[in-house]
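Here's the structure, in structure tokens; my notes come after.
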Amino acid sequence: MIKLSEAIRLGSMIRPQTYGRLYGARDVPIVGDVLGLRQERVASCALGAAYEAAGCPSKTITAVADAVGTREPVKAGAAAIMVTVPPQWTWSLGAAASCPMCDRRDVVIRLIAHLNDEHLWSRERVADWIETLEGAPLAATHQRNWRSLQRIADARRSLDEIGKKYR
Ligand SMILES: [Zn+2]
């Protein structure tokens, strides 16, 4: 499955960038459409690009409690769009990071919208930043595992030595 950084890059090739919302849309008349109008996506933000490239399913839900949305708070009872992201991206919903441009500390997924909207970063630049975070937790975990394996090996070695001494 596609990484979040890759999805942002891929999605940004589909259409130009927009700010403050997932997608810029315009009404286009469709021949034979009795309602007369249809919404067509014409632009995407960094998140919208990622969702589009990965084909993330979304649906409109009614918020059961006050919640913090990606861009703004969602009041209980209000309609909100819920996007289901691939399992590989769920770290971005829980991991906090510092904005590379200001002092803001927030969950990574909200920082993506923040960099897109407030600092007007290109989606490619956002993708480069996300890529540094995608590598970091894995490398840290790997190093931790490697160190504990080393400790186990060391402990086993010293147990062997003790065993030899008393045999
Ligand atoms: Zn910032």
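5 Å is the cut-off here: which amide hydrogens, built 1.01 Å from N in the peptide plane, fall below it relative to V42, excluding neighbours closer than 5 in sequence?
G24, A25, R26
What FRET efficiency comes out for A63 versus V31 if R0 is 41 angstrom and r is the Cβ-Cβ distance? Round to the nearest 0.05.
In this case the efficiency is close to 0.60.
Would you please give the FRET efficiency between I14 and H119, computed as 1/(1 + (r/R0)^6) with r the Cβ-Cβ distance and R0 = 35 Å, to the nearest 0.05?
Step by step, r from the Cβ atoms, then E = 0.95.
Which order, highest average first, do 52-58, 36-42, 92-98, 17-23 follow once you tally other Cβ atoms within 10 Å for each residue and take the mean per peptide?
Result, highest mean first: 17-23, 52-58, 92-98, 36-42.
Would you mind getting the Kirkwood hydrodynamic radius of the range 1-74 from its Cα pairs, rounded to one decimal in Å?
Evaluated on the range 1-74, it is 14.0 Å.
Here, each number is a calculation from the coordinates, and none is a lab measurement. Everything numeric in this text was worked out from a predicted model, so none of it was measured. All Cβ positions, glycine included, derive from the backbone under ideal geometry; neighbour counts span all protein chains shown.
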